[in-house]
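Please treat every number below as a calculation from the coordinates, not as lab data. In this text, all values refer to a predicted model and were calculated from it rather than measured experimentally. With ideal geometry, Cβ positions are generated from the backbone for all residues, glycine too; neighbour counts draw on all protein chains shown.
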Amino acid sequence: MRLNILYMFALLVLISGCASSPKLQQESPDQHKTVAEPTKQVPIVLDHMDAQFLYLAAQQSLGNNQPVLAMRFFKALVKKDPEAAEPRLALVDLLLSSGHGKQIKEAQSFMDAMPEAAVASLEGEQLSRYELLYARSLMANDHAEKAMLLLEKLLQSHPENIQVRMLLVRLYAVNKDYTRAHVLLKEGLALHKDLPLQQMQVQLYLQQGFVKKADKRLAAMQKEYPEIENIVLQRSQLAEKQGSFVKAQALLQLFIDDHPDTALQSYEMLGGVFVRQDRLDEAVLVYQRLLPLTAGSADVLMTLGKLYYQQRDYGKAKEYFQQTVAQLTPQKETGLISNEQATALFYLGASLEASHHWQEAVPEYEKIGAKHSLYLDAQLRLVSIDLNQKKFFQAEERLKKLKASYGDELGVYEMLSSLRLQQERYQDVITESEKALDKGFSQALLFNRAIAFEHLKAFEKLDATLDVLLKVKPDDAEALNFYGYSLADRGVRLQDAQTMVEEALKVKPDDGYYLDSLAWVYFKQKAYNKALKTQLRAVDLIQGDAVMLEHLGDIYWQDKKPELARKSWQKAIELGHKQAEKVKLKIEHGLM
């Protein structure tokens, strides 16, 4: 028997493809090494194997969590001995558990092909198992009525069988026969208060929309099983869905208080409850308490990093993302970083970029390889850094490569249009983005085109472009402000201009640039007092903007304050106004 086991082990190694044939080296008389031909593996025909070997091999495969390999052995065994019930039933169970359509159909065929004599020989538990598997295969292959009849017959003879009862309840629920489903569950619970039956009762109530009944059952289960965290998680999730954040939080907090060192899922869900309420400070505290309980888990570190990033605390975010990266190591087989590590690197780069540490962000983005889902995003962030540092040639080279590989990605064209705007190549913005619009809606691309049309004085196209944008994104504050300012600057549709800028200010009430636009609308409406009051607030919020100071000078002049006007215009020149000569004429002659 010892020899048989060794032979079976060799068989497993060969079929699973785990064995390799190393190249043999021999020393020749002159000490030069020669390489021998690799040994060829002879394919093993399972049909020729002894039934005992096949059965042991199948069991070994199951023990090694290799269900596909186990199926191969069982299929060979069923073919060799069609009347053997155990391997057939084990095979059908595996096929049904796979969840694959083809294998589920196979399961039904193996059940139907079982010889009548073999079926007739079944008795006791083996017969019950056969009937249950037959019912499962019928259900899986959409033969619900046949499955129901078989299960009902089984339940009459085996009322204590929970699996049969639950399958039958599921069938009744699919047919919306909730009365019979509940009767079956109550009868089952009367026999024994089994947790799966109670869980099914909860699911049934929820399927019917009886949320209070579901919660009542969960509350009873919580008293009966106070250590089972999943019950509390279900109740909390149910409460949150009903809009009761207080109850959701309280349930989780009570469980955490009773199980401070083990309630890991409750900590995580409580943190999520706070995040969804935008209570980020409280979420941070929860995850900080969770961190030592998970031995510095990379997932928790990543979550803390993202929370600090949302709070714009980029220094803290950077620290947690660095720790996350340190926790994760490249894959041993390939040396490649994992998707999780790539995500941490991306956010680390974003944190550095957001705090204007651009040169430190670059190597983090560059570590993300082309095989990762965040590769394109990382490359576009690198382009953005190039634009911030006026490295236009480098940005263009990156974008050329991205267009070659990601020609259908709108993000590439959005970034290209941003590059062209900085280069003041306004016609190229229009030309290069024209076909990209066919790929889908792009807020950024439409906005950049509107800016280009404004510079080209193609105002009809500008208005049409922003109309398209705002039809889809009516709350786009930047587009509303830009549109309103452009109309005011042209002296047309001033009421529309005012409405647009006021809508933008509802989104960002303390935005100095938006206030400058509103002041300009008032100026064009000749409401100089309102314009002055608004513009003074704007320049107080954003100090050192040359155009805004020019506007302030214009408003002072029309408000009969020429000296203050000239001071504002002079300061605009000192701050490097791009049209300094035009502003000098205002100082000399006032507004003509």
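Results, tabulated for the structure shown:
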quantity	calculated
Neighbourhood net charge (12 Å Cβ-Cβ; Lys/Arg +1, Asp/Glu -1) for residue 245	+1
Length gained when the stretch residue 575-residue 160 is fully extended (0.36 nm per residue, less Cα-Cα span)	140.7 nm
Degrees between helix 314-327 axis and first principal axis of the chain (Cα, 0 to 90, nearest 10)	30
Phi-based couplings in Hz for segment 372-383 (Karplus 6.51, -1.76, 1.60; Gly and Pro marked x)	8, 5, 8, 4, 4, 4, 5, 5, 5, 5, 5, 4
Rounded to 10°, Cα long-axis angle of helix 178-191 versus longest principal axis of the chain	60
Calculated FRET efficiency for the pair residue 443/residue 250, C-beta based, R₀ 45 Å, to 0.05	0.65
Pairwise centroid distance, computed over Cα atoms, of segment 229-265 with segment 68-107, Å	42
Convex hull volume per residue for the chain, taking Cα atoms only, in Å³	282
Equivalent ellipsoid semi-axes - Cα gyration tensor, segment 544-592, angstrom	15, 11, 8
Full-extension gain in nm, residue 153 to residue 265, via 0.36 nm per residue minus C-alpha separation	36.2 nm
Segment residue 533-residue 257, extension gain: residue separation times 0.36 nm, minus the distance between their alpha carbons	93.9 nm
222 nm mean residue ellipticity, helices alone, for the chain (DSSP H n ≥ 4; -39,500 (n - 2.57); rounded to 500)	-23000 deg cm²/dmol
Sites residue 391 and residue 542, calculated FRET efficiency, Cβ-Cβ separation with R0 30 Å, nearest 0.05	0.65
Where labels lie 7 Å past Cα in the beta-carbon direction, separation of residue 370 and residue 113 in nm	4.6
Sorted largest first, extent of segment 199-325 alpha carbons per principal axis (Å)	48, 26, 21
Which listed pairs, of 316/367; 435/471; 508/584; 306/506; 316/439; 186/241, have C-alpha distances above 31 Å, in listed order	508/584; 316/439
Degrees separating the helix 124-140 axis from the principal Cα axis of the chain, which is the longest one	30
Nitroxide proxy distance, nm - points 7 Å out along Cα→Cβ at residue 68 and residue 564	7.9
Equivalent ellipsoid semi-axes, segment 457-592, via Cα gyration tensor eigenvalues times 5, rooted, Å	27, 15, 14
Qualifying aspartates and glutamates (Cα of each under 14 Å from Cα of residue 390; at least 8 residues distant if same chain)	424
Under 21 Å from residue 582, Cα to Cα: lysines that are on another chain or at least 8 residues apart	457, 524, 560, 561, 567, 571
At R0 = 35 Å, FRET efficiency that the Cβ-Cβ distance of residue 194 and residue 310 yields, to 0.05	0.20
Radius 14 Å from Cβ of residue 213, net charge of other residues (Lys, Arg +1; Asp, Glu -1)	+4
Charged-residue dipole, Cβ positions (Lys, Arg, Asp, Glu), the chain about Cα centre, Debye nearest 20	1060
Positive-pole candidate from 430, 100, 219, dipole of the chain, charges at beta carbon	430
Between segment 421-474 and segment 299-327, the Cα center-to-center distance that results, in Å	36
Separation of the residue 143 and residue 400 label points, Cα + 7 Å toward Cβ, nm	6.5
